[in-house]
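K.L.:
Once you've had a glance at the structure underneath, I'll fire off some questions.
Laboratory data are not the source of any read-out in this text; all were calculated from the coordinates shown. The shown structure was predicted, so the numbers you read here are calculated from the model rather than taken from an experiment. Glycine also receives a Cβ, built like all others from the backbone with ideal geometry; neighbour counts cover every protein chain displayed.
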Amino acid sequence: MRVSEISTYYGKVNALWAVSLEVKAGEIVSLVGNNGAGKTTILNTISGLLVPASGTIEFQNRKINGFSPYEIVRRGISQVPEGGKPFPDMSVRENLELGAYVSEPWKNRKETLGQVYSMFPVLEQRGPQLASTLSGGERQMLAVARSLMSRPIFCMFDEPSYGLAPIIVRQLFKTVETLRERGITILIVEQNVKHALEAADRAYVLENGRIALQGDSADLMENDEIRKAYLGL
């Protein structure tokens, strides 16, 4: 995934200013920054929910900006939204099946369900329940599982640790590593900079809609500016 010089607006408000970043196949890359920095806007632009005013987005050497969200999912890109955002009046099983609602994944949904249930056994137990009855951690599991139902090769996580207990956060980041081991390339947007840098190979720091810093996660962990601004050290 290569994002080159994209600028995105909300109406007349410029949210992203010539942002460029790259996620290579097999990597975990984190995008960190304060609230309002533009992190979710980047994900929504890649997903086709927002159309950039300028710049290009390439996936597997093909330009995809301008494609509909449906077309982008078909090409192997999925997004786990902040807070999970399940459809509350649908069952857990229905939420999962909705994640497979593109042609090829739909044909293989039973097989994919089995794979998802092996990762998140509690979702199989909760299958008939309404999604509104799940705990916060279970909703996040459902969101991850739903995104996997489209059989992605590139998955984006938006603030996966938001509102979750520390033990659930640790489990979630272990899941992220498992997905990478299964061949899925990952971009994580995360306000918890410590978790994000520990999980990722490389990271970008976004400030006010612009990339302020980038580099290997280990190097950024030792960066004085990052330690002071984000790690409280």
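K.L.:
On a full-extension model of 0.36 nm per residue, what is the gain between ASP216 and GLU71, subtracting their alpha-carbon distance, rounded to one decimal in nm?
P.N.:
49.0 nm
K.L.:
Dipole magnitude of the chain about its Cα centre, charges +1 at Lys/Arg Cβ and -1 at Asp/Glu Cβ only, in debye to the nearest 20?
P.N.:
560 debye
K.L.:
Moving on. From the Cα gyration tensor of region 80-233, with a ≥ b ≥ c the square roots of its eigenvalues, which class applies: rounded if a/c is under 1.5, or else prolate if a/b is larger than b/c, or else oblate?
P.N.:
Taking the square roots of the gyration eigenvalues as a ≥ b ≥ c, region 80-233 is prolate.
K.L.:
Once both axes come from the Cα atoms, what is the angle between helix 109-119 and the longest principal axis of the chain, in degrees from 0 to 90, rounded to 10?
P.N.:
Approximately 70 degrees, to the nearest 10.
K.L.:
Mind checking which of THR56, THR178, THR41 has the largest fluctuation in a GNM of the chain, springs on alpha carbons under 10 Å?
P.N.:
Judging by the Gaussian network model, the answer is THR178.
K.L.:
Report the gain in length on full extension from GLN115 to GLU94: 0.36 nm times residue separation, minus Cα-Cα distance, nm rounded to one decimal.
P.N.:
Result for the pair: 5.9 nm of gain on full extension.
K.L.:
Another question, then. List, in order, the whole-Hz ³J(HN,Hα) value for each residue of region 120-132 obtained from phi through the Karplus relation with A = 6.51, B = -1.76, C = 1.60 and θ = phi - 60°; use x for Gly and Pro.
P.N.:
Rounded to whole hertz, the list is 10, x, 4, 5, 5, 5, 8, x, x, 6, 5, 4, 5.
K.L.:
Further question: Which whole-number percentage describes the relative contact order of the chain, with Cα contacts under 8 Å and a sequence gap of 6 or more?
P.N.:
28 percent
K.L.:
Okay, next question. Using 0.36 nm times the number of residues separating VAL13 and GLN129, minus their current alpha carbon distance, what extension gain do you get?
P.N.:
Stretched out fully, the VAL13 to GLN129 stretch lengthens by 37.6 nm.
K.L.:
Report the one residue of ILE77, GLY11, GLY33 whose Cα lies farthest in the direction of the positive end of the charge dipole of region 11-134 (charges on C-beta: Lys and Arg +1, Asp and Glu -1; origin at the Cα centre).
P.N.:
Highest projection toward the positive end goes to GLY11.
K.L.:
Can you give the relative contact order of region 88-185 as a percent, counting alpha carbon pairs under 8 Å and 6+ residues apart?
P.N.:
Here the relative contact order equals 34 percent.
K.L.:
Suppose we look only past 25 Å in the calculated P(r) of region 1-148. What percent of the Cα-Cα pairs does that tail hold?
P.N.:
37 percent
K.L.:
Then there's this: Could you work out how far apart the two model spin labels at LYS24 and ARG2 are, taking each label as a point 7 Å from the Cα in the direction of the beta carbon, and quote it in nm?
P.N.:
It works out to 1.3 nm between the two label points.
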